[in-house]
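Only the coordinates and a few stated rules stand behind these numbers; no lab work does. Only a predicted model underlies this, so the values are computations on that prediction, with no experimental measurement involved. Positions of Cβ are generated from backbone atoms using ideal geometry, with glycine treated the same way; all protein chains shown enter the neighbour counts.
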Amino acid sequence: MTLHVVPVGGSLDAGCFRVTYVPLAHSIPEGHGLKIETPHGVVFHTGDWKLDDEPQIGVPSSPAELDKLGDEGVLAMIGDSTNVFNSRRSGSEESVKQALLDLVGTLEGRVVITTFASNAARLKTVAEVANRHSRKIVLAGRSMHRIVDAARKTGYLPDWPQTVSEEEAKHLPRNKVLLLCTGGQGEPRAALARIAAGDHRHLSLASGDTVIFSSKIIPGNERVLGRLMNKLALLDVDIITERDADIHVSGHPGRPELKRMYEWIKPQIAIPVHGEARHLKHHAAFAASLGVKQTLAPKNGDIIRLAPGPVEIVDQAPSGRLILDGKLVVPVACEALQARRRLMENGFLAVVLMVDEDGAPLGDAEIIAQGIPGMEGDSTLEEDLHLEIDKSLSRLSRNDRMDEKRLSETIRIAVRRMIRTQTGKNPQVDVRVVQFEDELV
């Protein structure tokens, strides 16, 4: 793959498209929307964005440039829906800096701030807070070290202070240390989780210390994050979240910012992206209320025709998560993986039965089981299965016994029902009937 470096606000040609990068604020450096010039009109893709008049890193969005883009005519805007339910603006990073300066100034013990490592602006804010209150910064977590190193090398953290190591921090007064940690979403092997569990080699927390969660809880992480906070509470550590103080702002636009963007861009078509179905539907309705003539809330994989003609879904592309299974890359929902999950949960049992030409059994069936409770040692389950197989066969007519599929299915159902009754498991059951001719018996 060839990587092309495009300067801030630069352009490139991609086939029949001309793509211009439009600076937009976000929680990472160099956020951009894309102005895509096509033979049928201009498409503007916002990417992740927000309005921030005082960004800590990078340049603010230009209302004049966005308004000019809209005046030139935009066929469609593909826009961020993450915070469409938020009736307020996302807020400025400058407000977070002031809130953290005020808060940390009131704290006496060791302070931990956890945030998204990719948020270089927030890292810069934390560095200024630590410096103002004469606290040494300690980085905890591999991704935190990696992002800080990359941001310093690329010039985004030019005044980054000298940090101290985790081991050195043990020898400093607790009120002279500020830990900048990964793990604000409750990740079990991240630095904060290990500190809370008492598993970290060098860092610990105690009564009088404070953990500040300078991040938003990602939907779905509530339970694991709750467990982390409970561990911190058992250490008698004070916990502060965005509900307690203005210590986090989102990198995505609320409805007031969305309204401003639609007023600037004035698209004929709105395509909401970045959210669940309810976010996209709400965003589409909001755009329509602002006068956008056509809206379409897509699903993953939808191929949308914007022009010529009315906007519509014309095809579906493969989509979804892939995983590495051995040497193969396969969809998460592939049948092979699902079969292995079922085997893991319920086990496997094979029955081999030899019959004569009339379908009459030639001796007992052979039963081979894997992962089924009750089949080990002196258990009577295997004996009960043999009895159940015999009873099932005795109820079949000669014609039914000679029908191999009917015979196999009868045994499979009987065996599975018996195991489910005695163990509560529903194993994969494979029945093989081997028929011998009279002269071979």
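With axes computed from alpha carbons, what is the tilt in degrees of helix 63-72 against the longest principal axis of the chain, rounded to the nearest 10 within 0 to 90? Taking Cα atoms only, the helix is inclined about 70 degrees. Here the dipole of the stretch 329-440 is about 880 debye; that uses its Cα centre as origin and unit charges on the Cβ of Lys and Arg (positive) and Asp and Glu (negative).
Would you count, across the stretch 93-240, every pair of lysines whose alpha carbons are under 17 angstrom apart, provided the pair is eight or more residues apart or spans two chains? Working shown, then result.
Numbers: LYS97/LYS124; LYS97/LYS216; LYS124/LYS136; LYS124/LYS153; LYS136/LYS170; LYS136/LYS176.
Going through the stretch 93-240 pair by pair, I get 6.
Simple point charges give the picture: +1 on the Cβ of Lys and Arg, -1 on the Cβ of Asp and Glu, and for the stretch 55-165 a dipole about the Cα centre of about 700 debye.
The trypsin sites (Lys or Arg not before Pro) found in the stretch 133-221 that occupy coil by DSSP, while having at most 16 further C-beta atoms within 10 Å, are LYS170, ARG189, ARG201. Within the set (1) 0.95; (2) 1.16; (3) 1.12, the number that Rg/Rh (Cα atoms, Kirkwood Rh) takes when calculated for this structure is listed as (2).
Between the residues GLY254, MET229, LEU205, the greatest Cα displacement towards the positive end of the dipole of the stretch 192-325, with unit charges on the Cβ of Lys, Arg, Asp and Glu, is found for GLY254. Label sites at PHE436 and GLU335, each approximated as a point 7 angstrom past Cα along Cα to Cβ, lie 3.4 nm apart. Number of Lys-Lys pairs in the stretch 257-349 with C-alpha atoms under 20 Å apart and a separation of 8 or more places or on different chains: 6. At the listed q of 0.15 Å⁻¹, the Debye profile of the stretch 329-440, built from one uniform point per Cα, gives log10 I(q)/I(0) equal to -0.68. Sparse packing (at most 12 other Cβ atoms within 10 Å of the Cβ) combined with a DSSP loop state is found for the following GluC sites (Glu not before Pro) in the stretch 250-282: GLU276.
Size of the stretch 93-240: Rg and Dmax of its alpha carbons, in Å, are 14.2, 41. If you wrap the stretch 1-159 in the convex hull of its Cα atoms and look at it from every side, the mean projected area works out to 12.2 nm².
Placing unit charges on the Cβ atoms of the charged side chains and taking the dipole of the chain about its Cα centre, the candidate lying farthest along the positive direction among VAL351, LEU51, ALA150 is LEU51. Okay, which of the stretch 120-141 sit inside 13 Å, backbone N to the point 7 Å along the Cα-Cβ direction of GLN162? Only 136-137 fall inside the zone, counting backbone N under 13 Å. Compared with the dominant principal axis of the Cα atoms in the chain, helix 381-394 is inclined by about 60°.
Rounded to the nearest 20 Debye, what is the dipole magnitude of the stretch 93-240 about its Cα centre when Lys and Arg each give +1 and Asp and Glu each give -1 at the C-beta? Don't jump to the answer; show the numbers that get you there.
Numbers: 21 positive and 16 negative charges, 72 e Å.
With Lys and Arg at +1 and Asp and Glu at -1, about 340 debye.
Computed from Cα atoms, the angle from the helix 255-265 axis to the main principal axis of the chain rounds to 70 degrees.
For the stretch 13-61, what D do you get in µm² per second when you plug the Kirkwood radius from alpha-carbon pairs into Stokes-Einstein at 25 °C and 0.890 mPa s? Before the final figure, lay out each step's value.
Values: Rh = 11.6 Å.
Approximately 212 µm²/s, per Stokes-Einstein.
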